[in-house]
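The structure under discussion appears below in the form of structure tokens.
The values are calculated or read from the model by the stated rules, or taken from the named source; none is laboratory data. Keep in mind the model is a prediction, meaning the values are calculated, not measured. Don't worry about glycine lacking a Cβ; one is built from the backbone with ideal geometry, like all the others, and counts go over all protein chains shown. Just the protein is used for accessible areas: all its heavy atoms, side chains included, with ligands, DNA and RNA removed. Shrake-Rupley method; radii C 1.70, N 1.55, O 1.52, S 1.80 Å.
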Amino acid sequence: MSFLDRLFGSAHGDEPPALHEAVAWAVERIDPRLKNGAALTTLAHLEDLCARGLVATDGPPQLTGVFGRS
């Protein structure tokens, strides 16, 4: 399963996780000290995608937000 499939919920209708949960899943094998940076970098990319109308969120883009395809 890709990170975007995980972030947006799979094709099987899974409930999409909050961003911080999806990032934790994606980076579970990296040094724990890098996880916050990975989450913030992912958030920055998602903020850009939201601003361009390519991704939707359940409120303002934030680490606890849920994101989906527009």
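Of note:
- Members of the range 46-62 that are under 15 Å from residue 7 (Cα atoms) and assigned to a helix (DSSP H, G or I): 46, 47, 49, 50
- Residues of the range 21-45 that turn out to be open to solvent by less than 70 Å² (accessible area, probe 1.4 Å) and over 14 Å from residue 6 (Cα atoms), as a count: 8
- Cross-chain or 6+ apart pairs with Cβ under 7 Å, the range 21-35 first and at pLDDT below 80, then surrounded by fewer than 16 Cβ atoms within 10 Å (Cβ to Cβ) and in a loop (DSSP other than H, G, I, E, B): none
- Conditions (1) surrounded by 12 or more Cβ atoms within 10 Å (Cβ to Cβ); (2) free of Cβ contacts under 8 Å to residues at least 40 places away in the same chain; number of the one not met by residue 18: (2)
- Residue under evaluation residue 67, criteria (1) open to solvent by 50 Å² or more (accessible area, probe 1.4 Å); (2) hydrophobic (A, V, I, L, M, F, W, C); (3) in contact with a Leu (Cβ under 6 Å, 6 or more places away or on another chain), criterion not met: (1)
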